[in-house]
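In what follows, a single structure is set out as structure tokens and then discussed.
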Amino acid sequence: MTTETLLPTATYDLTTTTTRELNAALHATEAPASVEVVNPQGAHALACGLNRPIDVRIDGHVGYYAAGMNQHAHVTIDGNAGVGVAENMMSGSVRVTGDASQSAGATAHGGLLVIEGNAAARCGISMKGVDIVVGGDIGHMSAFMGQAGRLVVLGDAGEALGDSLYEVRIYVRGSVASLGADCVKKEMRPEHIAELQELLDAAGFDADPAEFTRYGSARQLYHFHVDNASAY
């Protein structure tokens with residue numbers, strides 16, 4: 001068994017370092033334990049596929065698919081994120097201090113995604129176990145075909161929330177423009193209050209769980225039935 005050597009810190013400037021060089025350094029056997037990335041200039045696919053307990057802070061806005069396929073790493077984006085941030089994340093955490101574009105946390109299996117600002121359309125689409133906490137609003141079709149995990153929204157939700165939902169639990173503090181097919185309002189029992197408090201604490205948000213409404217699947221579309229054909 002080889003022992004990986006973790007150097008204490010490193011800084012990469014993307015005005016002189018390419019995305020390929022940065023990602024190769026983060027994946028190297030002798031990778032630093034802590035990394036700061038400066039001047040990202042909206043570059044795409046930064047810090048993707050990490051598979052070690054490394055802390056990465058990106059100082060600025062990023063483009064598409066930042067921190068995708070993350071495992072174990074803790075990535076902070078001090079700015080806005082483009083399409084597909086934390087897509088297919090498995091574990092670890094990703095935090096966006098600004099806003100996120102479409103499909104944040106898409107297909108993610110685990111870990112924690114925190115968006116301090118707003119998230120655009122299809123936030124958590126086909127999520128498979130990830131926890132997503134959004135400090136602002138989310139756009140339409142969020143949690144579409146969500147299979148597992150929790151989605152917490154401190155602001156408002158757009159149209160067709162939770163369309164064709166499976167077992168994702170959704171908590172929204174603000175208003176919901178409309179619910180998608182088979183998504184319904186559900187009772188907030190004590191266990192849900194406790195669960196939501198844990199998620200808010202983990203994300204670093206100070207909010208009262210009692211102010212949220214829970215939504216989930218009515219479980220009518222798991223199997224096709226001709227009586228429900230118009231709902232598909």
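Would you check which residues across segment 104-139 are more than 8 Å from the chain's Cα centre (by Cα) and within 14 Å of residue 62 (Cβ to Cβ) and list them? 117, the sole residue that qualifies.
On the given criteria, is residue 67 out of contact with any Leu (no Cβ under 7 Å at 6 or more places or on another chain) and either in a loop (DSSP other than H, G, I, E, B) or not hydrophobic (A, V, I, L, M, F, W, C) (or both)?
Values: out of contact with any Leu (no Cβ under 7 Å at 6 or more places or on another chain): yes; either in a loop (DSSP other than H, G, I, E, B) or not hydrophobic (A, V, I, L, M, F, W, C) (or both): yes.
For residue 67, the condition - out of contact with any Leu (no Cβ under 7 Å at 6 or more places or on another chain) and either in a loop (DSSP other than H, G, I, E, B) or not hydrophobic (A, V, I, L, M, F, W, C) (or both) - is met.
If we scan segment 129-143, do we find a residue that is touching a Ser or Thr at 6+ places or on another chain (Cβ under 7 Å) and either of a type outside the set (A, V, I, L, M) or open to solvent by less than 10 Å² (accessible area, probe 1.4 Å) (or both)? Scanning segment 129-143 turns up no residue that is touching a Ser or Thr at 6+ places or on another chain (Cβ under 7 Å) and either of a type outside the set (A, V, I, L, M) or open to solvent by less than 10 Å² (accessible area, probe 1.4 Å) (or both). Taken over segment 23-41, the criterion of being part of a loop (DSSP other than H, G, I, E, B) and open to solvent by less than 60 Å² (accessible area, probe 1.4 Å) is satisfied by 28, 31, 33, 40.
So, in segment 200-220, of the ones that are open to solvent by 30 Å² or more (accessible area, probe 1.4 Å) and within 14 Å of residue 166 (Cα to Cα), which residue ends up modelled with the highest pLDDT?
Residues of segment 200-220 that are open to solvent by 30 Å² or more (accessible area, probe 1.4 Å), as a first pass: 201-202, 204-206, 208, 210-211, 213, 218-220.
Filter again for within 14 Å of residue 166 (Cα to Cα), leaving 218-220.
Numbers: 218: 88, 219: 85, 220: 79.
Filtering segment 200-220 for residues that are open to solvent by 30 Å² or more (accessible area, probe 1.4 Å) and within 14 Å of residue 166 (Cα to Cα), the one modelled with the highest pLDDT comes out as 218.
The residues on offer are 111, 117, and the sole one that is at negative phi and either open to solvent by less than 30 Å² (accessible area, probe 1.4 Å) or modelled with pLDDT under 95 (or both) is 117.
The values are calculated or read from the model by the stated rules, or taken from the named source; none is laboratory data. In this text the structure is predicted, and so the values were computed from the model without any measurement. Every residue, glycine among them, receives a Cβ derived from its backbone with ideal geometry; neighbour counts consider all protein chains shown. The protein model used for the area step is the full one, side chains on, heavy atoms only, and it has no ligands, DNA or RNA in it. Shrake-Rupley method; radii C 1.70, N 1.55, O 1.52, S 1.80 Å.
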